[in-house]
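The values are calculated or read from the model by the stated rules, or taken from the named source; none is laboratory data. Since this is a predicted model, take the numbers as computed values, not measurements. Backbone-built Cβ (ideal geometry, glycine too); neighbour counts: all protein chains shown. Calculation scope for accessible area: heavy atoms of the full protein, side chains included, ligands and nucleic acids excluded. Shrake-Rupley method; radii C 1.70, N 1.55, O 1.52, S 1.80 Å.
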Amino acid sequence: MKKLLQAILFVTIPFLVLIPIELMLRALPNDYRYKKEYFEQHSREIETLILGNSHAYLGFDPQYINGNTFNACHLSQSLDYDRLIFDQHIEALTQLKTVVLPISYFSFFHSLNYGETSWFLKNYELYLDIDTPNKWYDNFELRHYTFGQNLSKIYHYHIKGNNPRICSDKGWGTLYATATPKDLEASGKGNAQRHTYSDLSLQQAQSENLEHIVSVCNEKEINVILVTLPAYKTYRENLDKHQLNTTFGQAKKIANQFDNCIYINWLDHPNFVKEDYFDASHLNKKGAEKLSKLLNSFIIEHR
């Protein structure tokens with residue numbers, strides 16, 4: 001009996017310790033929970049909705065865009081998850097006039113379901129109520145950081161009162177706002193290499209996801225702006241020409257299919273200089289302000 005009790009304690013004690021830690025981790029503020037709650041409380045006020053990946057998350061600051069604008073982007077968010085978020089909220093977005101979507105070099109060939117950033121999927125399951133291909137055990141916060149890192153996160157929020165949410169009140173990613181810029185030469189080559197795909201088989205599926213968003217917007221008389229964001233020359237110079245031209249061609253094709261859709265290519269926009277970048281494919285705070293004002297002027301001109 002003693003050995004049985006020891007065995008039971010050996011199995012149950014870790015759970016008694018880990019479960020409260022998991023619950024405290026899930027209680028931490030984060031961008032995903034915040035943006036879900038923002039939709040629930042303010043959907044009927046949003047006039048311009050920005051969806052997309054880190055380029056738009058860091059590049060479009062709603063405070064420089066007229067009207068009620070919200071940035072619903074997340075790091076590595078792919079077009080299939082843009083569609084899921086869009087479908088989840090579109091019926092409540094009764095004042096929506098414009099949807100903005102980034103067309104990055106990799107947009108038609110990348111899905112969050114695959115690759116090194118697929119661990120972000122647990123955030124969609126836990127905080128956005130979106131089903132993913134994740135295994136059930138991949139949705140535990142404890143799995144994705146070391147035990148020490150998890151305790152540190154809990155301590156800094158629950159004890160020190162530091163809010164770990166990264167985005168601004170309107171959803172803009174402040175992650176690189178004050179960070180030290182990266183080497184633009186190295187990041188240009190590295191980011192371009194990471195964003196280049198030997199397998200382009202996702203093109204059709206991701207194109208269909210984008211077409212779905214544009215089509216629904218067309219039915220509801222909502223304008224859609226597809227935009228390729230500025231990137232520094234060291235990133236542009238290392239892009240695969242076939243993948244890049246395929247991206248441009250697909251974006252133009254979709255824009256030409258719908259009267260409510262415009263595609264603009266600002267990849268090598270002359271107004272953006274070295275000082276506007278955090279790394280070769282992401283803008284810093286200064287660059288985001290410049291880009292957001294440029295987008296604002298474009299929206300006003302084409303409204």
Quiz item: Can you name every residue in the stretch 38-84 that is touching a strand residue (DSSP E or B) at 6+ places or on another chain (Cβ under 7 Å) and among the hydrophobic types (A, V, I, L, M, F, W, C)?
Solution: Ile46, Leu49, Ile50, Leu51, Ala56, Leu58, Phe60, Ile65, Phe70, Ala72, Cys73
Exercise. Please identify the pairs in which a residue from the stretch 96-112 that is free of Cβ contacts under 8 Å to residues at least 40 places away in the same chain has its Cβ atom under 9 Å from the Cβ atom of a residue that is surrounded by fewer than 24 Cβ atoms within 10 Å (Cβ to Cβ), counting only partners at least 6 apart or on another chain.
Key: Leu112/Ser76; Leu112/Asp80; Leu112/Ser118; Leu112/Phe120; Leu112/Leu121; Leu112/Tyr124; Leu112/Thr132
Quiz item: Out of Ile159, Ile130, Ile154, Ile166, which single residue is open to solvent by 90 Å² or more (accessible area, probe 1.4 Å) and among the aliphatic types (A, V, I, L, M)?
Solution: Ile159
Quiz item: Does the stretch 86-116 hold any residues that are open to solvent by 10 Å² or more (accessible area, probe 1.4 Å), within 12 Å of Ile50 (Cα to Cα) and of a type in the set (A, V, I, L, M, F, W, C), and which are they?
Solution: Leu96
Quiz item: without any contact (Cβ under 8 Å) to a residue 24 or more places away in the chain and under 20 Å from the mean Cα position of the chain (by Cα) - does that describe any residue in the stretch 156-169?
Solution: yes
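Filter the stretch 207-221 down to the residues that are assigned to a helix (DSSP H, G or I) and in contact (Cβ under 8 Å) with a residue 12 or more places away in the chain and list them by number. Steps first, please.
Residues of the stretch 207-221 assigned to a helix (DSSP H, G or I): 207-219.
Scanning the stretch 207-221 gives Ser207, Asn209, Leu210, Glu211, His212, Ile213, Val214, Ser215, Val216, Cys217, Asn218.
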Self-check item: Pairs where the first residue, in the stretch 250-276, is at pLDDT 95 or above and the second is polar (S, T, N, Q) and open to solvent by 40 Å² or more (accessible area, probe 1.4 Å), C-beta under 6 Å, 6+ apart
Solution: Phe258/Asn218; Asn260/Asn218; Asn260/Asn223
